[in-house]
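K.L.:
Dropping the structure in here first, questions after.
What follows is calculated from the coordinates using simple rules that are stated; it is not laboratory data. Since the model is a prediction, treat every value here as computed from it, not as a measurement. Neighbour counts run over all protein chains shown; Cβ positions are idealised from the backbone, glycine included.
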Amino acid sequence: MCGIVGYVGKSDRTVHVLLRGLERLEYRGYDSAGIAVLKDHHVDVVKKSGKLDCLKACVDPEWKTEIGIGHTRWATHGSANQENAHPHQVGKVTAVHNGIIENMDEIKKELSQANVVFRSDTDSEVLVALLNQIYEKCGNMLMAIEKTMKKVVGSYAVALLCEDDEEHIYVMKKDSPLLLGVGKGEMFVASDYQAFCEDTKEYVLLDDFEYGVIGRSAWHVYKDGKEFQKKIEVLEEREELSEKGEYDCYMHKEIYDIPGVLSQLFLFYEKQDTHHIPDYTKYHKIQIVACGSAYHAGCVGKAFFSHIAHFPVEIEYASEYRYQPILADKDTLVIFVSQSGETADTIYCAKKIKELGIDSLAIVNVYNSTLSRLTDYVYYMRAGEERAVATTKGYSSQVALFLIILREWMQARKCWTASLEEEYQQGKRKLFEVFPTCLKKYEQFPWISKLTEQPMNFFIGRQIDYALSLEASLKLKEVTYLNSCAYPAGELKHGTISLIEKGTVVFAIATDLDTYEKTKSNLMEVKARGAYVILTTLEDVVKEVEADEWILVPNIGHLFQPMITILPFQLLSYHVAKSFDLDVDHPRNLAKSVTVE
Ligand code: G6P
């Protein structure tokens, strides 16, 4: 979602740092972009709808200025046009904003009565106008920020320039992420450290209700009118940036990263003393809370816990969990799953759980992200930077972590048997044995054109195969824009089967031999109604079903099977998107880091 970058330092670097920072934030998803630079008490703003290239075409790279801010916008209030793009400029204040101002109507009305004229439809411009109005009255930007923060309701990360002050960028934060990058003779501000980590490894994490100011060689953070001491964090090696290398897009590269990521992950977590393990014997219930693909990884986690540990797990979308009574107590462990660690709904739920003093655990990729700081226990996914909006290696590492946690959980409860351990070790060995062949094997699907012949594609499966169907279907939708839907195999006949007609593609996933026969019957039901059935099952299953096409996956045992079964669908989505000539890494309308509700 919206990305913020700001720089104060050397005049020949400002434009370069801003544009490169925005490039590094592109992965978050956006539909317009802009920058503003301050020189001679005048702020120049350049903004464009569309991708960064449109902005770059209008910016002079030789522009000399020591201070500037930039933004990539993911539209919420108002369409993705140039007027609504950031930075917004009202009077002496020019700002970029990430978040949503919930009481914008009320503030806008008051400002309009004071003759403020608005050029955009955004809540952000209203926020800038308020900051300007208060600043005009008090003449002190820090005071204006403090007063503004008391008045606005909602979420915000803001970086702003004031025409009267050529040496500083001002910042304020609540609920949306914002960091200060501490360089030598230069200072940065950004939504995440990827925007500046090539220039400095030192950064300061802003917390809610903090605000501050950065100059070339100093930074100050305040809370409630007083200066607030903050710790300087140092980036670790594992947070290094990732490059596309020989691949044509990040999604393809990140699929190929999966075996390396998983092998490092198992190695790391199997070592003792590398992480802080909760006392798994004390909980009576697990709740999993997440969004999007992280939720789907949680569905696999739930299946692991119920089928293997016979332990009850509830799973909820964070956007739903936040609006329901919390049915958790001190004997509950709430597991939050999030690649970015910044998803607004997930963060809100984690805050609520923390306030209630209930134990929480995060499965998260981004080091030091908000979620990692809010939870009692953190299992880092150690997947490296994931840049494609549609997650692949992130999802696979979340699934792997659920298996790691299940094993630790059952070991703590003394129910991880010797035969489970043997299955685990064998499964893991097989997983890495089959990966290279599978990566090659699923690079081609001769029946791809079938997917476009009907308005809808379906995925069906039972239990863990249903959990995988959810992710397979989402992946296809996200990057190819083809309509698809996942159903528990037995549910399709309760209404939705009316949509099946001659040629409708139904992907049946049936790798779980306990439910294989049942899914087979469901497959026959749709086949009888003309569906084009593509069956995913184990290589060693006897091919007695009349599927139209087969995706065969090696049988590596139930513990590791999901990590290989999802692979053909990750590659399929990539190949379909490529065949449509789409922007695989930046699908339209999507954001990788969803920092609004
Ligand atoms: C967005 C992304 C999805 C992701 C979801 C949750 O919708 O496009 O790929 O699964 O957010 O993100 P998180 O960072 O919390 O895993």
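K.L.:
How large is the helix-only mean residue ellipticity at 222 nm for the chain, computed as the sum of -39500 (n - 2.57) over DSSP H runs with n ≥ 4, divided by its residue count, in deg cm²/dmol to the nearest 500? Spell out each step's value before the answer.
P.N.:
On the way: 16 runs with 200 residues, N = 597.
Calculated at 222 nm, the ellipticity per residue is -10500 deg cm²/dmol.
K.L.:
A further question on this structure: For the stretch 250-416, what does the relative contact order come out to in percent, with C-alpha contacts under 8 Å and a separation of six or more?
P.N.:
Across the stretch 250-416, relative contact order equals 29 percent.
K.L.:
Which three semi-axes in whole Å describe the equivalent ellipsoid of the stretch 250-416, each the square root of 5 times a Cα gyration tensor eigenvalue, listed largest first? Don't skip to the answer; put the middle values down first.
P.N.:
Working: eigenvalues 105, 76, 39 Å².
So the equivalent ellipsoid measures 23, 19, 14 Å along its semi-axes.
K.L.:
Where the centre of each part is set by its Cα atoms, how far does the stretch 462-482 sit from the stretch 351-395, in angstrom?
P.N.:
22 Å
K.L.:
With the Cα gyration tensor of the stretch 97-167 in hand, convert its eigenvalues to equivalent ellipsoid semi-axes via √(5λ) and list them largest first in whole Å. Before the final figure, lay out the partial values.
P.N.:
Working: eigenvalues 66, 41, 28 Å².
The three semi-axes for the stretch 97-167 are 18, 14, 12 Å.
K.L.:
Taking the stretch 292-346, which chymotrypsin sites (Phe, Trp or Tyr not before Pro) meet the DSSP loop condition and have no more than 16 other C-beta atoms within 10 Å?
P.N.:
Y323
K.L.:
Follow-up question, since we're still on this one. Hey, which of these cross-link pairs are over 21 Å Cα-Cα: K48/K174; K428/K578; K253/K441; K173/K244; K477/K578?
P.N.:
Pairs exceeding the cut-off: K48/K174; K428/K578; K173/K244.
K.L.:
Right, something else. Looking at the stretch 57-140, what % of the alpha carbon pairs are farther apart than 15 Å?
P.N.:
When all Cα pairs of the stretch 57-140 are counted, 61 percent exceed 15 Å.
K.L.:
Could you give the distance between the Cα centres of the stretch 321-340 and the stretch 487-504, to the whole Å?
P.N.:
Using only Cα atoms to place each centre, the spacing works out to 33 Å.
K.L.:
Once the piece of chain linking V153 and Y317 is laid out straight, how much longer is it, given 0.36 nm per residue of separation minus the C-alpha distance between them? Don't skip to the end; give the middle numbers.
P.N.:
Values: separation 164, 0.36 × 164 = 59.04 nm, distance 2.41 nm.
Length gained between V153 and Y317: 56.6 nm.
K.L.:
At a temperature of 25 °C and a viscosity of 0.890 mPa s, determine how fast the stretch 179-302 diffuses translationally according to Stokes-Einstein, using the Kirkwood radius over alpha-carbon pairs as Rh; express D in µm²/s, rounded to the nearest whole number.
P.N.:
For the chosen part, D equals 132 µm²/s.
K.L.:
Take the Cα coordinates of the stretch 487-527, assign each an equal point scatterer, and use the Debye formula without solvent to give log10 I(q)/I(0) at q = 0.21, 0.33 Å⁻¹.
P.N.:
-0.63, -1.30
K.L.:
Using alpha-carbon pairs under 8 Å, 6+ residues apart, how would you state the relative contact order of the stretch 188-326 in percent?
P.N.:
That works out to 14 percent.
K.L.:
Work out how far the C-alpha atoms of the stretch 448-579 reach from end to end along every principal axis, then list the three figures in whole Å, largest first.
P.N.:
Principal-axis extents of the stretch 448-579 (Cα, largest first): 35, 32, 22 Å.
K.L.:
Let me ask something else about it. Divide, for the stretch 3-234, the radius of gyration over alpha carbons by 2.2 N^0.38 Å, where N is the residue count.
P.N.:
Normalised Cα radius of gyration, the stretch 3-234: 0.91.
K.L.:
With a bin width of 5 angstrom, please list the P(r) values of the stretch 1-137 as percents of all Cα-Cα pairs, from the 0 bin to the one holding the largest distance.
P.N.:
Bin by bin from 0 Å, the calculated values are 2, 11, 21, 23, 19, 14, 7, 3, 0.
K.L.:
Over all alpha-carbon pairs in the stretch 205-267, figure out the percentage whose distance exceeds 16 Å.
P.N.:
67 percent
K.L.:
Across 10 Å bins from 0, what is the distribution of all Cα-Cα pair distances for the stretch 480-551, in whole percents?
P.N.:
Reading the bins upward from 0: 19, 57, 23, 2.
K.L.:
Separate question: Return V45, V128, V189, V182 ranked ascending by Cβ neighbour count within 10 Å, so the fewest neighbours appear first.
P.N.:
Lowest count first: V45, V182, V128, V189.
K.L.:
In percent, what relative contact order does the stretch 79-162 have, based on Cα pairs under 8 Å that are 6 or more apart in sequence?
P.N.:
The normalised contact order for the stretch 79-162 reaches 44 percent.
K.L.:
Here's a follow-up. Among the listed pairs K493/K520; K440/K527; K108/K147; K150/K223, which have their C-alpha atoms separated by more than 18 angstrom in this model? List each step's numbers first, then the result.
P.N.:
Working: K493/K520 14 Å; K440/K527 29 Å; K108/K147 16 Å; K150/K223 12 Å.
Listed pairs above 18 Å: K440/K527.
K.L.:
Take the Cβ-Cβ distance between E246 and E433 as r, set R0 to 22 Å, and report the resulting FRET efficiency rounded to the nearest 0.05.
P.N.:
According to the calculation, E is roughly 0.35.
K.L.:
Which of S306, S242 comes first, and how do the rest follow, when ranked by fewest Cβ neighbours within 10 Å?
P.N.:
Arranged by neighbour count, lowest to highest, S306, S242 become S306, S242.
K.L.:
Also, quick follow-up: Write out the trypsin sites (Lys or Arg not before Pro) in the stretch 261-306 meeting two conditions: DSSP loop, and at most 14 other Cβ atoms within 10 Å of their Cβ.
P.N.:
K271
K.L.:
Quick one: of the DSSP bridges fully inside the chain, what percent are antiparallel, nearest 5?
P.N.:
Of the beta bridges lying entirely in the chain, close to 60 percent run antiparallel.
K.L.:
Using alpha carbons only, how many angstrom separate the centre of the stretch 201-265 from the centre of the stretch 53-77?
P.N.:
21 Å
K.L.:
Give the angle, between 0 and 90 degrees and rounded to the nearest 10, that separates the Cα long axis of helix 418-441 from the longest principal axis of the Cα atoms of the chain.
P.N.:
For 418-441 against the chain, the angle is about 70 degrees.
K.L.:
Shifting gears a bit: Can you give the alpha-carbon Rg of the stretch 236-286 over 2.2 N^0.38 Å, where N counts its residues? Please report the intermediate quantities before stating the final value.
P.N.:
Working: Rg = 16.4 Å, N = 51, 2.2 N^0.38 = 9.8 Å.
Compactness ratio reported: 1.67.
K.L.:
Expressed in nm², what is the orientationally averaged projection area of the convex hull enclosing the Cα positions of the chain?
P.N.:
The Cα convex hull of the chain, projected and averaged over all directions, gives 27.4 nm².
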